[in-house]
Amino acid sequence: MLTHEELAIVHLVLNTDCNAWDLPKTTGSPGVCRFCYRERNRVHTDEATVRRVIDRVRAESEARRIVFTGGDPVMPYDNHLEPALQHAQAAGFETNLHTNGLLLADRYAGLRDHVTLYSLAVDGPDEQSADWFRGDGYFTTFRANTALLAADRRRLAFNTFTTAVSLAALPSLAEIITGLAARTPVEYWLISQYRPIGRANSRKADLYAYDREAFTEAVAHVRDLLSGTGIQVYDQPTRAAEDPYPFRVWVLADGTVTADLGSVAAPRNTVLGNLLTDGFEPLVRRAFASRSTNTSTATSSEKEVTTP
Ligand code: SF4
């Protein structure tokens, strides 16, 4: 059995595509989510398999939370999200729906009773800044989603990607988040800097990379602004190519288990095996072993982070 201390959170990937790709880019933007580093490994599964996958994770770990992520897990087709959430909840997991929210309203009725936490991506405090990152109309949808969720007293979290320019807008975004926290529980705010991982290239680095000190200072400032609110502020600063990446386990909905094992320069997560045939605990223990031969410096707070 993997203890809670060894593995508190598991990421479950039902699909790797994303509905954000349909949004038009705004004037002056490099394109929708150009910073995204999600792997594009396909997931072919069915509802019964997803249930078996969740059961294996439950039987072999004390993990408390499953993060439903992608791509985006809220898609305009049946990706088994609702039964997966329901099954995970019944198995005793907290469920974190990690989404851009573009199609959240469409599927909300079926999701609502089985989601512990909605973590929403937002990169700026207004249309101009937020839409620059994720596409035309993104911020309007974000506001509609937060209005819906706050009115329904749902638990929220936020993920923010930054550039050197957008850092100056973090205090205004902090104001929006504080305003929401007055109406509904807000658990955390994760703020990220560009990290050259996954599908990194020099064009992305030209667009998004900037000084780590500036990032750290800006995050410290908003952490001060949010002190006393109970909202945890996590940060993901940039890393050098030789730096280790925080250890995370990704379970695809067909049972494939992958993990962040190496440096940020590793082009892909390592595929460990399939938990339906190999078991979940043995695969994760294998990952622990290979990671400890590579590095041992990930911190527990870094294990909490989940997003591009
Ligand atoms: S950053 Fe998130 S919303 Fe954007 S393409 Fe990647 S998965 Fe989709």
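Classify the stretch 173-215 as rounded, prolate or oblate, taking a ≥ b ≥ c as the square roots of the eigenvalues of its Cα gyration tensor: rounded when a/c is under 1.5, otherwise prolate if a/b is larger than b/c and oblate if not. Could you put the intermediate results ahead of the total?
Details: a/c = 3.64, a/b = 2.63, b/c = 1.38.
Since a/c reaches 1.5 and a/b is larger than b/c, the shape of the stretch 173-215 is classed as prolate.
The equivalent ellipsoid of the stretch 89-135 has semi-axes of 27, 12, 6 Å, largest first, where each one is the square root of 5 times an eigenvalue of the Cα gyration tensor.
Using a Förster distance of 30 Å, how high is the FRET efficiency between SER202 and ALA91, based on the Cβ-Cβ distance and rounded to 0.05? Show your work: numbers first, answer last.
Numbers: r = 44 Å, r/R0 = 1.47.
Efficiency for this residue pair is about 0.10.
Counting other Cβ atoms within 10 Å as a rough exposure proxy, the listed residues GLU5, GLU62 run GLU5, GLU62 from fewest neighbours to most. Under Stokes-Einstein, with the Kirkwood radius over Cα pairs as Rh, the value for the stretch 92-219 at 20 °C and 1.002 mPa s is 138 µm²/s.
Counting charges near ASN100 (Lys, Arg +1; Asp, Glu -1) among other residues having Cβ under 14 Å from its Cβ returns a value of -3.
Rounded to the nearest 500, the 222 nm mean residue ellipticity of the chain from helices alone is -10500 deg cm²/dmol, with -39,500 (n - 2.57) taken per DSSP H run of at least 4 residues.
Which of the chymotrypsin sites (Phe, Trp or Tyr not before Pro) across the stretch 4-82 are loop residues per DSSP, with 14 or fewer other Cβ within 10 Å? When the chymotrypsin sites (Phe, Trp or Tyr not before Pro) of the stretch 4-82 are filtered for loop state and at most 14 Cβ neighbours within 10 Å, TYR77 remain. Who wins for biggest fluctuation among THR160, THR27, THR45 in a Gaussian network model of the chain, springs between alpha carbons below 10 Å? Per the Cα network of the chain with a 10 Å cutoff, THR27 tops the list. Among the helices of the chain, those built from whole DSSP H runs whose Cα atoms reach 18 Å or more along their own axis and whose mean Kyte-Doolittle hydropathy is at least -1.0 are 47-60, 138-151, 212-225, 280-294. Dividing the mean sequence gap of close Cα pairs (under 8 Å, 6+ apart) by how many residues the stretch 82-168 holds gives a relative contact order of 30 percent. Each of VAL249, VAL43 was scored by other Cβ atoms within 10 Å of its Cβ. Listed from fewest to most, they are VAL43, VAL249. With the simple spin-label model, which puts each label point 7 Å out from Cα in the Cβ direction, the THR277 to THR229 separation comes to 4.8 nm. Length gained on full extension, THR216 to MET1, computed as 0.36 nm times the residue gap minus the Cα-Cα distance: 73.7 nm. Residue exposure proxy: GLU213, GLU47, ordered by other Cβ atoms within 10 angstrom of their Cβ from fewest to most, comes out as GLU213, GLU47. Using C-alpha pairs under 8 Å with a sequence gap of at least 6, the mean separation divided by the residue count of the chain gives a relative contact order of 20 percent.
Over the chain, the fraction of Cα-Cα pairs per 20 Å bin, rounded to whole percents and listed from the shortest bin up, is 34, 61, 5. The alpha carbon centroids of the stretch 37-101 and the stretch 115-146 are separated by 23 Å.
Calculated FRET efficiency, ARG64 and THR27, Cβ-Cβ r, R0 45 Å, to nearest 0.05? Efficiency, rounded to the nearest 0.05: 0.55. Here each label is just a point 7 Å from Cα along the line to Cβ, and for SER172 and GLU127 those points are 1.3 nm apart.
We did not get these values from a lab; they are worked out from the coordinates using the rules stated. This is a predicted model, so every value here is computed, not measured. Every residue, glycine as well, gets a Cβ built from its backbone with ideal geometry; the counts of neighbours run over all protein chains shown.
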